[in-house]
1. Using a Förster distance of 25 angstrom, determine the FRET efficiency expected from the C-beta separation of Asp79 and Glu228, and round it to 0.05.
2. Using the 10 angstrom Cβ neighbour count as an exposure proxy, how do Glu198, Glu228, Glu242 rank, fewest first?
3. When ranked by the protection proxy of mean other Cβ atoms within 10 Å per residue, highest first, what sequence do the peptides 202-209, 182-189 form?
4. Which of rounded, prolate or oblate describes region 42-102 when judged by the alpha-carbon gyration tensor and an a/c cut-off of 1.5?
5. Could you give the size of the charge dipole of region 42-102 about its Cα centre, using +1 on the Cβ of each K and R and -1 on the Cβ of each D and E, expressed in debye and rounded to the nearest 20?
6. Can you give the net charge of the other residues whose Cβ lies under 15 Å from the Cβ of Gly55, counting K and R as +1 and D and E as -1?
7. For region 289-294, what does the Karplus curve 6.51 cos²θ - 1.76 cosθ + 1.60, with θ = phi - 60°, yield as ³J(HN,Hα) per residue in whole Hz, taken in order and with x for Gly and Pro?
8. If packing is taken as the average count of other Cβ atoms within 10 Å, what order do 49-56, 233-240, 61-68, 168-175 fall into, highest mean first?
Amino acid sequence: MKFKYILVVFIMSFLMISCNAPEDTGMNTDESSIFEVSDVQHIKITSDSCDVKAGVGDNFKKIDKLNKNEIVNVLRQVDDWYVVQLDNNEIGAVQGSDAKPVVIEDEGNDNVQQQPKDDVPEGQRPESSETPQNQDIPQTPGEGTNDQANNNQAPKNQNTQENDGNIAALTNSEQQMLNLVNQERQKNNLPKLKADLEVTKVARVKSQDMVDNNYFSHYSPNYGSPFEMMKSFGIDYLHAGENLAGNSTVQKAHTALMNSSGHRKNILSPDFTHIGIGIKPSDKYGYMFTQMFISKPK
């Protein structure tokens, strides 16, 4: 009996040790995700000819006709119908199968960038190739590799004021994370996400807000939910989502997010078309990561 007791204690001790990472400095890690579908504000006609009805249903009389690629304002959605306001301010209803939701932006205001730019001071950028000594990263059982994320020069010191005016481009670290996200999407036959600089500005503000106010949550004491925050910054979208992570490197944060079903769902969502990424230094985690996803169908 005594032998069995000793054996059970030994097995439990072995399992506890084997489930822990070999090195631990007490550095925290965290991940969290959230998703929203916004109200449709505009639709584009997809059928060659679309009847506008006086009410919601086929039994109502036809009051107008819309042609393919015409865009109209949507007042509300009722089941499979859109209640629309025509150019002459007349109100009618359009069947959902004849149209698709779109997001209207100011002409020429794409806010998409291609080339990365450094704006995190040297020595503060999270290098995905760097493995700190005695670093315990829970929820990241596998460490992936990525040439582009592992072969970057240290950035120059170029500070950016996200709250004042527009930003010029992604930092190298933000570009690394975008590359990793798009590699996952390509593996799943999904189109790449484009970096939206206005959303990137909001993501940076969110990361800094969490650092400054010592919280880790989708709900900011200053900005509310991420959806309220995006709208307060003038971001229009049809779908939106947010992933949060606290970790020591880009690669480890990405791995932790991909190992969580909610975050993975946002990263691999076919609905999203654009992304904003904000990375800020954090004493608690090493770095605070915010990924903001939106869809802007045209």
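1. Numbers: r = 27 Å, r/R0 = 1.09.
Taking R0 as 25 Å, the efficiency between Asp79 and Glu228 is 0.35.
2. Working: Glu198 22, Glu228 12, Glu242 26.
Lowest count first: Glu228, Glu198, Glu242.
3. Details: 202-209: 24.0, 182-189: 13.1.
The most tightly packed comes first, giving 202-209, 182-189.
4. Values: a/c = 1.22, a/b = 1.20, b/c = 1.02.
The shape class here is rounded.
5. Values: 8 positive and 10 negative charges, 10 e Å.
Around 40 debye, computed over region 42-102.
6. Numbers: positive: Lys53, Lys61, Lys62, Arg76; negative: Asp51, Asp58, Asp64, Asp79, Asp80, Glu90.
Residues close to Gly55 contribute a combined charge of -2.
7. The phi angles translate into 10, 10, 10, 10, 10, 9 Hz.
8. Numbers: 49-56: 17.4, 233-240: 19.8, 61-68: 13.4, 168-175: 22.2.
Final packing ranking: 168-175, 233-240, 49-56, 61-68.
Read the figures in this text as sums done on the coordinates, not as results from a lab. All values reported here derive from a predicted model rather than from experimental measurement. Using ideal geometry, Cβ is built from the backbone for each residue, glycine included, and neighbour counts are taken over all protein chains shown.
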